[in-house]
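Worksheet for the structure shown next.
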Amino acid sequence: MKRLMNIEPSPALRGFLTLLPFILALFAYSIASEARLAENPHDKLLPSFTQIVDAVDRYAFTENKRTGEYLLWQDTGASLYRIGLGITISAIIGLFIGLCNGLLPIVRSGLSPFITIISLIPPMAILPILFITFGLDELAKVMLIIIGTAPVIIRDMQSQVMQLPKEQLIKAQTLGASTWLVTLRVVLPQIMPRLLASVRLTLGAAWLFLIAAEAIAAQEGLGYRIFLVRRYMSMDVIFPYVIWITTLAFAMDFSLRKISEVCFPWYHQGAK
């Protein structure tokens, strides 16, 4: 008797099951929207698909009369710059300090407890401090992303380095490799795919910190636009922006995964 847990869906069925929740969600939204608009044509909570499409056209494909810019693309560029810069710096810091903490006991004794404490501080709690210290420009927003994600990456990298087989490190030293050479030739190649995996896991938090910072102090950005139009209850604008943010986050995650698969195929083969 074939058990349910051992049944693998065919590619066609897998594709259908992937799309099914989205189809059901859209169908449920359509019914709820039609019901609310039938009761009150001016209802803003659940706009119709036509209203949403009109809002997308207005923000993405129509020049703003005041600035001459396409607002959606202007906001997208600003947000991608901030999150890209913040995540890149966090990855570099996480790799360097995580390597040192994981490989050098003398560094780990001094830095590991400090990094642990820093990682437990809610980044949103120190957002006012960042704005007071760094001002309301780009630096404060990028710093919030770094403070929120770098400690997590550092701790993950430290853990990954410490989990490497000790035999590899001992053999490399027996063959005359210095600490620097062991780092470059043994440790670094093995934790690079894990670094990409760690960055992927922090993307959700990075977007959260970005949206929060833009909502408080920004003149452009996806988070800024959402909180700007919320005072008018413009759900026809908020919904597309939220979907667009989700799409961008998925694209970033997908790109990092593909880069990892291309550059480190052995890592993903082992995972299978």
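Here are some notes:
- Residues within the stretch 223-245 that are modelled with pLDDT of 95 or more and within 19 Å of THR149 (Cβ to Cβ), tallied: 1
- Residues considered: LEU111, LEU99. Of these, the only one that is over 25 Å from ALA212 (Cβ atoms), crowded, with 16+ Cβ neighbours inside 10 Å and touching a Ser or Thr at 6+ places or on another chain (Cβ under 8 Å) is LEU99.
- Here the condition is being under 23 Å from GLN190 (Cα atoms) and of a type in the set (Lys, Arg); of ARG108, ARG66, ARG82, it holds for ARG108 alone.
- Scan of the stretch 127-161 for residues that are surrounded by fewer than 14 Cβ atoms within 10 Å (Cβ to Cβ), of a type outside the set (A, V, I, L, M) and over 22 Å from the mean Cα position of the chain (by Cα), ordered by number: PRO128, THR133, GLY135
- Selected residue (criterion: surrounded by the fewest Cβ atoms within 10 Å (Cβ to Cβ)) from residues of the stretch 162-199 that are on the phi < 0 side of the Ramachandran plot and of a type in the set (Gly, Ala, Ser): SER178
- Any hit, the stretch 62-79, residues being open to solvent by 60 Å² or more (accessible area, probe 1.4 Å), at pLDDT 90 or above, out of contact with any helix residue (DSSP H, G or I) (no Cβ under 7 Å at 6 or more places or on another chain) and among the aliphatic types (A, V, I, L, M): no
- Within the stretch 37-57, the set of residues being surrounded by 13 or more Cβ atoms within 10 Å (Cβ to Cβ), free of Cβ contacts under 8 Å to residues at least 12 places away in the same chain and not hydrophobic (A, V, I, L, M, F, W, C) comprises just one member, ASP43.
- Looking only at residues of the stretch 3-34 that are among the polar types (S, T, N, Q) and at pLDDT below 90, we find that the one that is farthest from the chain's Cα centre (by Cα) is ASN6.
The values are calculated or read from the model by the stated rules, or taken from the named source; none is laboratory data. Quick caveat, the model's predicted, so the values are computed rather than measured. Because the Cβ atoms are built from the backbone with ideal geometry, glycine has one as well, and the counts that use them run over all protein chains shown. The area values use the complete protein model at the heavy-atom level, side chains included, leaving out ligands, DNA and RNA. Shrake-Rupley method; radii C 1.70, N 1.55, O 1.52, S 1.80 Å.
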